[in-house]
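What follows is a short report on a single structure.
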Amino acid sequence: MTVRFGVLGAGRIGQVHAGAIATVPGATLVAIADPVAAAAQAMQDKYGCDIRSIDDIAASDDVDAVIICTPTDTHADLIEQFSKAGKAVFCEKPVDLSLARVQACLKTVEAEGATLMVGFNRRFDPDFMAVKAAIDEGRVGTVEMVTITSRDPGAPPVDYIKRSGGIFRDMTIHDFDMARWLLGEEVDTVMAAASVLTDPAIGAAGDFDSVNVILRTASGRQAIITNSRRAAYGYDQRIEVLGSDGMVAARNQHEANIDFAGTAGFARPPLLNFFMTRYTAAYANEIAAFVAAVADGAATPTTGHDGMMALALADAAVKSVAEGRAVKLSEITG
């Protein structure tokens, strides 16, 4: 079976997913929708797909699935529209910035019996998948502590930050999902600290650029997340899992896996500079997993529930910073 896709949104992440579709066997890009005519035309020129409106894609018999890459405040409405239209849905995180709206959306998905996958691409990175496999195989024993470092080389534009929902819902949400995945238990308590250290304009926009979070499960397992909007040396993406019998870690990826030694000392090539290069394989693996789920009628590996729980952790972190205390997740989820 070939899964025929419509992509909603021809911006940066839409381009990434269109590129992934082009590399995945059993997937083909049929149509693109974007209000910016030049962006849609560029996608058509590159992939030979049709340009259609969102409503036309929903009504199209030659589209089996859609990838939602539109602004966050449209996600939940589009998920509901395409679920009712009988299309499988892949949606970039988050489903919405309101937990109540996410919960209502997921009820619609369930009522329609629709397929929904939420985009947490880092689960599909080959190195991170190898870390998870080592855990599942029991090679580190019982997981005790997870450490996640995620630092961007630079901040997005302030206009983006103003509508992003804040660093916890926009950036740390990926790490919240990774923490849940690696800990193997749901988080019970969230403690967060946040500062503006890299750009006063980010603070003026009502957000933070430097955060640390401690997550604790009911059994006492911990995850520590550190985020920054500025890493002068490149895109810093590392994970370490400490268990009762050992440790497994995924280190940064460089432009080339070589070391140079000379009279001036030791050197390595620079880090891969941003998510579009660092996670190229992850995006392809993610779409391949979605295609397999749609083709087989199976459950997706990342679900609407995963999206909801990551957002709940983000909301708890926001509350923790505002009130200067540890927050029980039950205070957020009820």
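Coordinate-derived values only; no laboratory data. In this text the structure is predicted, and so the values were computed from the model without any measurement. Virtual Cβ from ideal backbone geometry, glycine too; neighbours counted across all protein chains shown.
Kindly provide the chymotrypsin sites (Phe, Trp or Tyr not before Pro) of segment 224-282 that DSSP labels as loop, not H, G, I, E or B, and whose Cβ sees at most 11 other Cβ atoms within 10 Å.
Of the chymotrypsin sites (Phe, Trp or Tyr not before Pro), the ones in loops of segment 224-282 whose Cβ has at most 11 other Cβ atoms within 10 Å are Tyr233.
Can you run phi through the Karplus equation (6.51, -1.76, 1.60; θ = phi - 60°) for segment 120-128 and list ³J(HN,Hα) in whole Hz, with x for Gly and Pro?
10, 5, 5, 4, 9, 5, x, 5, 5
May I ask you to evaluate 6.51 cos²θ - 1.76 cosθ + 1.60, the Karplus curve with θ = phi - 60°, for each residue of segment 150-155 and list the ³J(HN,Hα) values in order in whole Hz, giving x for glycine and proline?
Going residue by residue, I get 9, 10, 7, x, x, 7 Hz, with x marking Gly and Pro.
Longest span of the chain, sites excluded, free of trypsin sites (Lys or Arg not before Pro) in DSSP loop with at most 16 other C-beta atoms within 10 Å?
1-138
Let's see if you can work this out: charge +1 on each Lys and Arg Cβ, -1 on each Asp and Glu Cβ, no other charges. What is the dipole magnitude of the chain about its Cα centre, in debye to the nearest 20?
Dipole of the chain, to the nearest 20 debye: 640 debye.
Please report, in debye to the nearest 20, how large the charge dipole of segment 103-152 is about its Cα centre when each Lys and Arg carries +1 at its beta carbon and each Asp and Glu carries -1 there.
Dipole of segment 103-152, to the nearest 20 debye: 80 debye.
So what's the angle, to the nearest 10 degrees on a 0 to 90 scale, between helix 75-84 and the longest Cα principal axis of the chain?
It works out to around 40 degrees.
Could you point to the residue in Met247, Thr302, Ser228 farthest towards the positive end of segment 213-334's charge dipole, with +1 and -1 charges on the Cβ of Lys/Arg and Asp/Glu respectively?
Farthest towards the positive end: Ser228.
Taking the 0 to 90 degree range and rounding to the nearest ten, how far is the long axis of helix 304-323 tilted relative to the main principal axis of the chain, both from C-alpha atoms?
50 degrees
Please report the orientation-averaged projected area of the chain, defined via the convex hull of its C-alpha atoms, in nm². Present the calculation step by step, with values, prior to reporting the outcome.
Values: hull surface 75.3 nm².
Projected area, direction-averaged: 18.8 nm².
Between Ala299, Ala33, Ala218, which gets the highest mean-square fluctuation from a Gaussian network model of the chain, Cα cutoff 10 Å?
Looking only at Ala299, Ala33, Ala218, the largest GNM fluctuation is found for Ala218.
If each of Gln44 and His254 carries a label point 7 Å out from its Cα toward its Cβ, how far apart are those two points in nm?
4.5 nm
Step through the table entries Lys87/Lys107; Lys162/Lys319; Lys93/Lys162; Lys87/Lys132; Lys93/Lys319; Lys46/Lys162, compare each Cα-Cα distance with 26 Å, and write down the pairs that go over it. Before the final figure, lay out each step's value.
On the way: Lys87/Lys107 16 Å; Lys162/Lys319 18 Å; Lys93/Lys162 17 Å; Lys87/Lys132 31 Å; Lys93/Lys319 20 Å; Lys46/Lys162 32 Å.
Too far apart for the 26 Å limit: Lys87/Lys132; Lys46/Lys162.
If you line up the long axis of helix 99-112 against the longest principal axis of the chain, both from Cα atoms, how many degrees apart are they, to the nearest 10?
40 degrees
Running Debye on segment 3-114 with equal point scatterers at the Cα sites and no solvent, what base-10 log of I(q)/I(0) appears at q = 0.20 Å⁻¹?
Here the Debye-derived log intensity ratios amount to -1.02.
Restricting to DSSP H runs of at least four residues, report the calculated mean residue ellipticity at 222 nm for the chain, -39500 (n - 2.57) per run over all residues, nearest 500 deg cm²/dmol.
Calculated mean residue ellipticity at 222 nm is -12000 deg cm²/dmol.
Run the paramagnetic zone check for Ser219: 7 angstrom along Cα to Cβ, then residues of segment 169-203 with backbone nitrogen under 19 Å.
177-190
What is the Cα coordinate range of segment 184-272 on the first, second and third principal axes, sorted by size from largest, in whole angstrom?
Cα spread of segment 184-272 along its principal axes, largest to smallest: 51, 46, 18 Å.
Could you give me the ³J(HN,Hα) list for segment 18-35, computed from phi with Karplus coefficients 6.51, -1.76, 1.60 and θ = phi - 60°, whole Hz, x at Gly and Pro?
Coupling constants for segment 18-35: 4, x, 5, 4, 5, 9, 9, x, x, 10, 9, 8, 9, 8, 10, 10, 7, x Hz.
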